[in-house]
């Protein structure tokens, strides 16, 4: 299985990936205003699948200007896919988590379920949009547009196992420069193995990521308890009425039999 | 030919039927997200997006139904709620008998008031469900504006409200439409009157208070087992 | 670039000064990150702003804009004082051992020969000392006080660490770390590269700043080796090509001087005599120049008519044809019309308000561009003009974009890369070449019957690229390569050009890219046998497909590579010639017996790298000397001479003073926008990324001004005033300059009033003065005031 490794220690924040993404996916430019920094918008949108977030901060007196490429993780165990009531989200054979346009009704369950808050609903169009890992390039033997365009080689696409090894090697190398560096998810198999993983140079929380990459407790509660209950309880009620109908009619026949 | 006893006034009947209508519109349009076997019904609502609109319109109805009823007859609704929420430990015994009877057995109950414990539980569950539907539904209505965490909790709340109200509703429908013992109650919700015989057997405490007493037929006193029901 | 983009992967240390390559040349990040990851290379970013390049640098050193020579001068001094230089390289490959003219001196901030009235130097003492035979006197021990080496040491002895840091504002410990880290590259097997761009050149001492890089690199032995060099990151994808082809007024193609209407250039013979050095590769200049004349006039160019030399336009000796010079001439009403190809002067040029006023004197303007630009609409109210006052007729010609035409672009690494047309141009848009072609055909038709002698240049101009509206670009390419007129075949390369009129060649440095074998710029073979990233069969690098210039210097004086890891070419004693991975930048047959064997810098008359630039090659001194920018908040701490004494100042009355305009400003570009912005402010994807004009100010200054990020502020000086949003950042910190805290602010210059997104023009604030050698405007390091808009 292939995967994408985003090495933020190499990202120079040039945003070529953002333009390449819009170009390949034929997404329109959005009307933006100055946000107070170079970051173009606060968050990804239905028309912006990937966003470079900019962070200016100081660590131990050292000025830092860090970048984070926000996009879909393409989880092996994808909460969005499980949450989708319309079975509109699925894995392609290349491992991309994508959305079937026709089936999607824009209910937003996926976004709420996602541990990383990635899916975005176009409320006019009533469809969910997010990074597709350029599945339509993968199908044709090409790599995702962002990885293709990334000059410093911060976005790598290839054999996931090999990239994971590259990532571990890089982590060891950058620890000196970035003591807080970590792989994210830290566990290769977290979330069923994410199609996209990062080398972060700050703690995950710094970027607004959950400390640990895992399904949300509320999502598990909903998906594994409440939703089955939703089928079991009314089912039981229905079953009970059927049984009751039978037993009552038996009783009635018997009583009528008595009467004869 | 037995006499009829007045049980549900117009407000209650309006409330009941309007609520049911909206509830089922909501249940069906909502259940599209749960059960694929209902898919054939979708075109009726104009597909998924039509169903979402119907769901929202019906939601407004569901919210307004008890509110309007309350405005029409605040006392009736208030008293009903107060009655339904008044419980004592021995009330729970009712359910043992109920289950037996539900499946055709013969049960012996302690004498019941205007609403038996099962009906009271229904009112409690549906009213709590109503609240839960509204609170979680507001979040779901503007889903994009809420954080995923709040959204997820709202989804859980909405689903739980649905699960329990639906389960109870299924039982309730069966009892009112098919169950030989409780079937006669339906008439009360349709016309406002129930058979005196039924009232006497099923709601003796209430019956004793409201049974026709010469000269005092129209005068009904509030008792511990029921409350004044006007025609309104 | 003396080296090329991919070669950056071979470096051990990249000193990035006056450049922000990770933003403005993102391809550099590919190779520098590879150097960092695979070789553990260090990246040093020296910049007034902490940029996206700085974000990935091992060392970030802030400096005050325009103090680059002080910064580099201090490095030179430290390296010399502490003997960190590559002695063998310096002694053999540079002019360090040459003795300098007895009367040469540097005193009180001035070199010998200064004429304060003319604001010019007399160069006669900027010479080597020669013996009776006319040979340069040398001291190989470098000990003689009049050697270039000793004079260099003496010159920079004033540039002590403390003094430099007082001038530049760089914290001392960071500065020392920079020096020590970069000086490491003098070691065998190590190489360091200097990357610079407009942050290095756009100063009143711009040329000398680049010279200082060259001196530093020569001292460290970094020229000619993989991962070394002085590398200019050109501001546009094809700006290298445009200068190669004589875009600038003082040169024709291949960096040959444009004739001047003066006695020394009165005829071909005089011109060649004056312009051709006796030694070095430039001694071949007559071959290139006459082949060029043949390309211009073909059969009309004969021995008898000086190959048409007199038809070439001559510059007026007193006129200034540089960018600002042209606009000042226009302001004086000396120009009638203007052809603009992809140029947007009132956004891209300095002193925009002044230039807009000057444009009003045009009778006509023809502007060729992809979009409607600010300059095409200079006469509107939006531009600040009164339309009723402007009589200029503006013709707008839609141009084809790069994907809509074929041709070559030349990268900073001198690679001539052919590109094919991908899509048809939109609407009526045409390739620039076709527009020129149609214009040339029409002009030739109009002048065909003329008998006036001044029309002969047009009548005799050789223009055989087809008669239709499309220029036969293949014929153009063949002509550029050069043709042997006796055989009618394309020449193999410029070594085959002749000075007798038997060859024609449009641009000698490109000769060889299109031999009989075919157009080599179209090659896309990805073999890299050396592993050095030379990719010899990927397109064609001028000259002669050489990938690393001065590569003779990658080998030691005996002809062996300095280090096996950095081997490029070497002397093969068996074959008796230079062999290796790259095309030798050296006559391949020159062996150890020849004294020229140790002269790697073949373009210089003496074959040596110049620590000392003789003969007024640079008009403002043989050694780079620090002078303050024209507008500076401080006195020059190194000498009583405040500004570069030979710079051209057009409008002295517009000098903004530090009392009223206390902040040092620089203009710069961002990744997301392109130059004057027409190409990106009209692209929704790019417009989205940086939607508004802003001024970058540090948190401390913002606090003083009571400004938050996003607030509107006025940035102003004597030339103009603009209202922009404040971008308050940690990345702009005040510097301690001579004990006083100084703030700097940064302005992107991409914005104007046309396009999907608009914003104020930063160049309304930039001054009208030119560097002494190139006349490049001082876009970096001028003074402004910043205040709240409300």
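Inspect region C:702-712 for any residue being within 24 Å of residue C:778 (Cα to Cα) and in a strand (DSSP E or B) and give the result as yes or no. Within region C:702-712, not a single residue is within 24 Å of residue C:778 (Cα to Cα) and in a strand (DSSP E or B).
Would you confirm whether any residue within region A:7-16 is facing another protein chain (nearest Cβ under 9 Å), over 26 Å from residue A:192 (Cα atoms), assigned to a helix (DSSP H, G or I) and touching a helix residue (DSSP H, G or I) at 6+ places or on another chain (Cβ under 7 Å)? Yes, the conditions are met somewhere in region A:7-16. If I go through region A:18-56 residue by residue, how many of them are under 26 Å from residue C:732 (Cβ atoms), part of a strand (DSSP E or B) and more than 8 Å from chain C (Cβ to nearest Cβ)? Within region A:18-56, residues that are under 26 Å from residue C:732 (Cβ atoms), part of a strand (DSSP E or B) and more than 8 Å from chain C (Cβ to nearest Cβ) number 5. With respect to the conditions (1) part of a loop (DSSP other than H, G, I, E, B); (2) over 28 Å from the mean Cα position of the chain (by Cα), residue C:395 lacks only one, and its number is (1). State whether one or more residues within region C:55-77 are out of contact with any strand residue (DSSP E or B) (no Cβ under 8 Å at 6 or more places or on another chain) and on the phi > 0 side of the Ramachandran plot. No, because not a single residue in region C:55-77 is out of contact with any strand residue (DSSP E or B) (no Cβ under 8 Å at 6 or more places or on another chain) and on the phi > 0 side of the Ramachandran plot.
Condition check for residue A:129 on (1) within 12 Å of chain B (Cβ to nearest Cβ); (2) crowded, with 19+ Cβ neighbours inside 10 Å: one failure, at (1). Of everything in region A:73-112 that is facing another protein chain (nearest Cβ under 10 Å) and without any contact (Cβ under 8 Å) to a residue 24 or more places away in the chain, the residue that is surrounded by the most Cβ atoms within 10 Å (Cβ to Cβ) is A:106. In this entry, residue C:474 passes the filter for residues that are within 23 Å of residue C:247 (Cα to Cα) and in contact (Cβ under 8 Å) with a residue 40 or more places away in the chain. The set of residues from region B:90-117 being part of a helix (DSSP H, G or I) and either surrounded by fewer than 17 Cβ atoms within 10 Å (Cβ to Cβ) or within 13 Å of chain A (Cβ to nearest Cβ) (or both) comprises B:90, B:91, B:92, B:93, B:95, B:96, B:98, B:99, B:100, B:101, B:102. When the residues of region B:174-195 are narrowed to those that are crowded, with 17+ Cβ neighbours inside 10 Å and assigned to a helix (DSSP H, G or I), which ends up farthest from the other protein chains (Cβ to nearest Cβ)? Applying the filter and picking the extreme gives B:188. Restricting attention to region A:62-71 and to residues that are more than 8 Å from chain C (Cβ to nearest Cβ) and surrounded by fewer than 21 Cβ atoms within 10 Å (Cβ to Cβ), the residue that is farthest from residue C:672 (Cα to Cα) turns out to be A:62.
Being under 23 Å from residue C:783 (Cβ atoms) and either more than 14 Å from every other protein chain (Cβ to nearest Cβ) or modelled with pLDDT under 95 (or both) is a property that residue C:697 lacks.
Residue selection: residue A:138 fails the criterion of being more than 14 Å from every other protein chain (Cβ to nearest Cβ), at positive phi, out of contact with any helix residue (DSSP H, G or I) (no Cβ under 7 Å at 6 or more places or on another chain) and at pLDDT 95 or above.
Matching residues to (1) without any contact (Cβ under 8 Å) to a residue 12 or more places away in the chain; (2) more than 11 Å from the chain's Cα centre (by Cα):
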| position | (1), (2) |
| --- | --- |
| B:112 | no, yes |
| B:120 | no, no |
| B:142 | yes, yes |
| B:160 | no, yes |
| B:169 | no, no |
| B:179 | no, yes |
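If you check residue A:59 against the conditions, is it more than 10 Å from chain C (Cβ to nearest Cβ) and in contact with a helix residue (DSSP H, G or I) (Cβ under 9 Å, 6 or more places away or on another chain)? Considered against the rule, which asks whether it is more than 10 Å from chain C (Cβ to nearest Cβ) and in contact with a helix residue (DSSP H, G or I) (Cβ under 9 Å, 6 or more places away or on another chain), residue A:59 comes out as no. For residue B:20, state whether it is within 15 Å of the chain's Cα centre (by Cα), over 30 Å from residue A:86 (Cα atoms), part of a helix (DSSP H, G or I) and free of Cβ contacts under 8 Å to residues at least 40 places away in the same chain. The answer is no for residue B:20. Could you tell me whether any residue of region C:737-752 is more than 14 Å from chain A (Cβ to nearest Cβ), under 30 Å from residue C:398 (Cβ atoms) and at pLDDT 95 or above? Yes, that holds for at least one residue.
Given the residues C:32, C:8, which is the only one that is in contact with a helix residue (DSSP H, G or I) (Cβ under 6 Å, 6 or more places away or on another chain) and within 11 Å of chain A (Cβ to nearest Cβ)? Within the list C:32, C:8, the selection yields C:32.
Restricting attention to region C:120-140, the residues that are free of Cβ contacts under 8 Å to residues at least 40 places away in the same chain and either buried (at least 19 other Cβ atoms within 10 Å of the Cβ) or part of a loop (DSSP other than H, G, I, E, B) (or both) total 8. Every condition in (1) in contact (Cβ under 8 Å) with a residue 40 or more places away in the chain; (2) in contact with a helix residue (DSSP H, G or I) (Cβ under 6 Å, 6 or more places away or on another chain); (3) within 11 Å of chain A (Cβ to nearest Cβ) holds for residue C:690 except the one numbered (2). Within region A:175-187, the residues that satisfy the criterion of being within 12 Å of another protein chain (Cβ to nearest Cβ) and more than 15 Å from residue A:68 (Cβ to Cβ) are A:176, A:177.
With respect to the stated conditions, residue B:155 fails to be crowded, with 20+ Cβ neighbours inside 10 Å, in contact (Cβ under 8 Å) with a residue 40 or more places away in the chain and within 10 Å of chain A (Cβ to nearest Cβ).
Does residue C:98 count as touching a helix residue (DSSP H, G or I) at 6+ places or on another chain (Cβ under 8 Å) and either crowded, with 22+ Cβ neighbours inside 10 Å or within 14 Å of another protein chain (Cβ to nearest Cβ) (or both)?
Against the criterion (touching a helix residue (DSSP H, G or I) at 6+ places or on another chain (Cβ under 8 Å) and either crowded, with 22+ Cβ neighbours inside 10 Å or within 14 Å of another protein chain (Cβ to nearest Cβ) (or both)), residue C:98 qualifies.
If the condition is being away from chain C (no Cβ under 14 Å), surrounded by fewer than 22 Cβ atoms within 10 Å (Cβ to Cβ) and under 12 Å from residue A:4 (Cβ atoms), then region A:141-159 contributes A:143, A:158, A:159. Evaluated against (1) surrounded by 17 or more Cβ atoms within 10 Å (Cβ to Cβ); (2) more than 14 Å from every other protein chain (Cβ to nearest Cβ); (3) over 20 Å from residue B:124 (Cβ atoms), residue B:44 falls short on exactly one condition, (1). Selection of region C:51-86 for residues being within 14 Å of another protein chain (Cβ to nearest Cβ) and in a helix (DSSP H, G or I) yields C:54, C:55, C:56.
One residue is enough: does region C:177-188 have a residue meeting the conditions in contact with a helix residue (DSSP H, G or I) (Cβ under 6 Å, 6 or more places away or on another chain) and either under 30 Å from residue C:290 (Cβ atoms) or not assigned by TED's automatic domain parsing to the domain that holds residue C:557 (or both)? Scanning region C:177-188 turns up no residue that is in contact with a helix residue (DSSP H, G or I) (Cβ under 6 Å, 6 or more places away or on another chain) and either under 30 Å from residue C:290 (Cβ atoms) or not assigned by TED's automatic domain parsing to the domain that holds residue C:557 (or both).
The values are calculated or read from the model by the stated rules, or taken from the named source; none is laboratory data. Keep in mind the model is a prediction, meaning the values are calculated, not measured. Reconstructed Cβ throughout: ideal geometry from the backbone, glycine too, with neighbour counts over all protein chains shown.
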